[in-house]
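Coordinate-derived values only; no laboratory data. Just so you know, these numbers come straight off a predicted model, no measurement behind them. Every residue, glycine as well, gets a Cβ built from its backbone with ideal geometry; the counts of neighbours run over all protein chains shown.
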Amino acid sequence: MTRLASFDDLVKRRGEIAAVRAPNRATLVLGDGTCGRASGSSEVRAALSEAISSLDTEKRLAFRTTGCHGFCQIEPNVQILPDETLYVHVKPENAQSIVEAALSGKVLKNLTFKDGQKKSCAKITDVPFYKRQMRLLSGLNVYVDPLRIEDYIAIDGYQALAKALFTMTPDFVVEEVIKANLRGRGGGGFPAGWKWDSVRKAEGEPKYVVCNADEGDPGAYMDRSLLEGNPHLVIEGMLIGAFAIGSHEGYVYVRNEYPLAVQNLIVALDQAREHGLLGKNILGSGFDFDIRINRGGGAFVCGESSALMQSIEGRPGEPIPKYVHMSERGLYDKPTNLNNVETWANVPFIVNRGADWYRTIGTEGSKGTKIFSLVGNINNTGQVEVPMGISLREIVEGIGGGIPNRRKFKAVQTGGPSGGCLPADCLDVPVDFDQLTKLGSMMGSGGMIVMDEDSCMVDVARYFTNFLTEESCGKCVPCREGVMQLRDILNDITQGRGREGDVELMEDLSKFVIDCSLCALGQSAPNPLLTTIRYFRDEYVAHIHDKKCPARRCTALISLRIDAENCTGCALCKKQCPTVAIAGEKKKTHVIDPEKCIRCGACYEVCKFDAVIKE
Amino acid sequence: MNAKEHTLTIDGRSITVKRGTFLIEACKKLCIEVPTLCHNENLKPYGVCRFCQVEVNEGKRTRLVPSCVYEIRKDGLTVTTDSERIRNNRKWLIQLLLARCDRQKDVLDFAAKHGVAPIERLTKKNDDCILCGQCVRACGEIVGVGAIGYERRGEKREVTSPYRDKNPVCIACGTCVYVCPTHCIAMTEENGVRTISRYAGEKKMIVREAKMLTCGKCGNYFLPSPVAEVFAKKMGIDPTVFTCPSCR
């Protein structure tokens with residue numbers, strides 16, 4: 001029987017799992033999360049298992065498929081433990097040689113990662129992307145097959161829960177979390193311990209704990225990789241939180257666009273129940289708690305806590321004014337504690353290793369690590385976990401490896417669509433909740449979009465403002481009408497219809513939208529606009545006053561022509577042009593007809609002689 | 001903490017109210033008028049027009065709150081109902097509604113009353129509904145029917161019947177018409193049929209067409225039959241024998 005009825009049972013079970021594992025045998029670990037599968041890891045998985053099963057039984061390598069390893073750029077990737085050899089861009093036909101190399105202890109040079117200087121990095125620790133990170137939470141993904149609770153128990157999983165249940169009082173757990181100064185990773189950065197404390201003290205039963213996994217920021221996927229790669233870590237965090245607060249019922253609100261996360265979570269919850277780690281009388285302690293999954297329908301605003309709870313209750317996902325805190329009157333009007341996936345995942349570490357240890361990581365006001373999704377114009381795209389207080393430059397240049405194609409860095413957007421765009425001047429600022437807010441941006445849930453010099457900041461502001469216009473629920477006037485008007489003015493500016501005074505008008509309107517909106521979506525919606533005005537005002541002036549787009553991105557404000565000196569008459573541009581706007585005989589200078597040209601830039605992209613000029 | 005009553009100061013005047021009283025009610029008790037567009041004392045507070053905003057000092061900080069949804073739950077609050085910040089915000093609210101409903105008479109009158117002239121730069125939408133939600137809430141909370149609701153979100157949000165179709169659930173009582181501050185729901189009676197509809201012309205959306213009941217005495221049409229059925233059911237009487245108010 002797998003049910004664990006006591007602390008001793010858990011320890012015993014861990015011993016049993018360790019005993020059946022051959023310690024010296026190499027383990028192949030394949031990143032098989034959503035990102036891996038998108039790059040073809042399923043085929044690699046099949047090829048690797050076939051290669052391994054064809055071996056003699058005693059020589060068989062251990063093989064584990066796990067969630068995301070963080071480095072999206074190199075998917076599908078295989079790690080060989082305990083050596084920590086890393087193979088990148090693995091194809092099914094590499095399977096046989098990887099298995100053979102793992103058996104003989106050799107390294108396949110052709111499959112290793114090559115850094116900026118083309119140097120081969122055989123080990124994970126040599127790869128610049130990993131070297132500067134502190135993968136406290138996400139690093140566990142490599143050791144855990146999300147479908148096997150044994151893997152999680154083997155790495156001291158549920159140890160923190162047992163420690164809390166049998167050696168700590170709920171008050172003490174809350175105190176530890178307060179002392180650790182764990183701040184909410186969903187965006188607001190509210191101290192989780194304080195929230196727990198007020199829910200614990202609030203009147204009313206039952207009390208609920210909720211995990212917010214409705215990650216909707218474009219380009220952000222931290223929560224997804226935690227939830228699909230290591231669901232038990234989140235479950236354990238929720239269990240500890242529930243014990244501390246005195247709750248017996250929990251919800252995970254996860255978006256339905258994360259099918260693998262939902263699937264892995266369902267399996268993990270079932271296995272935890274079978275093991276007596278969820279349900280009645282957990283580990284024989286007398287504590288009851290269970291978790292239900294609620295799938296979100298894809299509305300961005302449902303990540304807002306009150307809208308999320310409305311959605312769980314079966315109503316349209318619209319925020320409600322919350323002058324009475326969720327901790328007093330939340331889900332079904334009962335005291336509710338809502339935290340983000342990453343916040344919950346931090347909890348077992350704090351309980352296991354203590355608040356004092358946790359406080360050694362990070363800055364004065366922000367403790368612990370933070371996971372970011374590093375995307376955009378950056379060499380090393382991926383999910384990055386760093387200690388709070390690291391500089392943006394370290395993330396962008398050190399971990400991210402800088403900007404590709406010899407382009408210059410222009411801005412980094414932190415905090416998702418309602419965060420802000422920070423210019424190169426801000427790169428040396430330490431990343432923590434308070435510093436980013438001071439700069440007009442925010443930590444948000446951890447999206448980080450890097451933009452190179454070809455990005456037009458007015459267009460970027462327009463893009464995010466449009467996103468928020470479409471995702472606004474439309475309930476309150478400032479957000480519905482105000483953000484829409486901002487979007488319309490930005491549209492005008494990028495299309496050459498900007499007017500003098502637009503910037504001042506938008507600043508004024510933004511101030512009002514921030515002041516008066518009902519929920520955080522509206523209150524933070526003008527951030528991309530305001531930060532781009534603050535740091536890139538000259539681009540606005542260029543668009544409005546000079547009717548020019550300095551980044552040559554806004555099609556209405558550019559023109560294309562062919563430079564007669566450089567044009568060889570190869571006719572490549574002529575072939576590409578979708579509107580047949582280019583004329584010219586072979587080996588003679590070509591000409592663009594500005595009347596027919598739609599300024600799509602296809603000719604500019606294909607020209608090998610830099611003869612097409614964008615102005 | 002759990003005292004049943006709390007004392008607060010509004011515009012320098014002191015008042016003691018029951019715990020959980022909404023701030024707007026406290027203002028009303030002191031005869032301080034707080035303008036609002038979505039508040040209706042017969043409906044649950046909604047807090048979307050943001051017009052009733054006031055500044056509340058809770059001790060540590062001053063914040064802007066819509067008074068219709070702010071519950072008084074502690075002692076010693078200091079409330080300011082009029083300030084430069086509030087006036088400026090209200091002006092913007094009117095601007096935005098004026099841009100949305102640039103030809104709607106009630107909105108134009110309201111703007112004129114508050115001395116706000118439209119900013120020409122803003123996009124005009126020629127809508128007639130300000131989405132205060134009183135119709136939807138009244139239909140659900142008071143009539144108990146829920147025949148209308150919202151469609152889509154954000155700037156495309158609209159009050160409609162399900163699938164923009166006739167809704168047999170509607171009892172044609174006209175409550176939505178009575179509560180609408182911008183008169184954008186139409187109610188007509190012709191040839192013994194009451195029609196509740198929204199929009200005109202091609203966009204016309206009929207929510208309900210209901211036969212009118214004739215008075216048992218004078219024979220004049222006076223009550224939509226679905227309403228009569230509801231009354232009859234509640235009172236356990238024959239729905240066909242109602243008498244109109246003038247014959248009673």
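Cα-based values for chain B, radius of gyration first and Dmax second, are 21.8, 67 Å. Between the beta carbons of A:Ser104 and B:Arg73, assuming R0 = 60 Å, the FRET efficiency works out to 0.25 to the nearest 0.05.
Charge dipole of the protein assembly as shown (Cα centre as origin; +1 on each Lys and Arg Cβ, -1 on each Asp and Glu Cβ, all else neutral): 940 debye, rounded to the nearest 20. Taking a cut-off of 30 Å between Cα atoms, list the lysines near B:Lys217, but don't count ones fewer than 8 places away on the same chain. B:Lys217 reaches B:Lys233, B:Lys234. Look at the dipole of chain A built from charges on Cβ: of A:Tyr158, A:Gly67, A:Gly401, the Cα furthest out on the positive end belongs to A:Gly401. Cα centroid separation, region A:364-410 to region B:104-158: 45 Å.
The mean sequence distance of close C-alpha pairs (under 8 Å, at least 6 residues apart), as a share of the length of chain B, puts its relative contact order at 11 percent.
Using only side-chain charges placed at the Cβ, +1 for Lys and Arg and -1 for Asp and Glu, the dipole size of region B:17-143 relative to its Cα centre rounds to 340 debye. Short-range pairs are left out: with C-alpha atoms under 8 Å and at least six residues apart, the relative contact order of chain A is 11 percent. When A:His275, B:His183 are sorted by how many other C-beta atoms sit within 10 angstrom of their C-beta, beginning with the fewest, the order is B:His183, A:His275. For the pair B:Arg61 and A:Asp428, a Förster radius of 30 Å applied to the C-beta separation gives a FRET efficiency near 0.40, rounded to the nearest 0.05.
Footprinting exposure proxy ranking of A:Trp196, A:Trp357, B:Trp92, fewest other C-beta atoms within 10 angstrom first, gives A:Trp357, B:Trp92, A:Trp196.
Return the Rg/Rh ratio of the protein assembly as shown with Cα-based radii and a Kirkwood Rh. We get a ratio of 1.02 for the protein assembly as shown.
Remark: the A:Glu43-A:Ala564 segment gains 182.6 nm on full extension, using 0.36 nm per residue and subtracting the alpha carbon distance.
Going from the fewest other Cβ atoms within 10 Å to the most, the residues A:Phe287, A:Phe349 appear in the order A:Phe287, A:Phe349. Measuring nothing but alpha carbons in region A:482-543 and taking Rh as the Kirkwood radius, the Rg to Rh ratio lands at 0.97.
Per-residue mean of foreign Cβ neighbours for A:467-478 is 6 (Cβ atoms of other chains, 10 Å radius).
Residue pairs exceeding 29 angstrom between C-alpha atoms, taken from A:Lys179/A:Lys511; A:Lys123/A:Lys608; A:Lys475/B:Lys204; A:Lys548/A:Lys574: A:Lys179/A:Lys511; A:Lys123/A:Lys608. Counting only aspartates and glutamates at least 8 places from A:Lys280 when in the same chain, those with an alpha carbon closer than 14 Å to its own are A:Glu249, A:Asp270, A:Asp288, A:Asp290.
Between B:Lys125 and B:Arg248, the modelled label-to-label distance comes to 4.1 nm, taking each label 7 Å out from Cα in the direction of the beta carbon. Under 14 Å of direct C-alpha separation, and excluding same-chain neighbours fewer than eight residues apart, A:Lys408 reaches these aspartates and glutamates: A:Glu397, A:Asp425, A:Asp452, A:Glu453, A:Asp454. Counting Cβ atoms of other protein chains within 10 Å of each residue's Cβ and taking the mean over peptide B:93-101 gives 4. Computed on region A:473-615, with alpha-carbon pairs under 8 angstrom and 6+ residues apart, the relative contact order is 20 percent. Here the Karplus curve 6.51 cos²θ - 1.76 cosθ + 1.60, taken at θ = phi - 60°, turns the phi angles of region A:202-208 into couplings of 5, 7, x, 10, x, 9, 10 Hz, with x standing for Gly and Pro. With both labels modelled 7 Å from their Cα along Cα-to-Cβ, the A:Gln263 to A:Val20 distance reads 2.4 nm. When DSSP beta bridges are restricted to pairs lying wholly in chain A, around 55% turn out antiparallel. Sorted largest first, the principal axis extents computed over the alpha-carbon atoms of region A:363-443 equal 37, 22, 22 Å.
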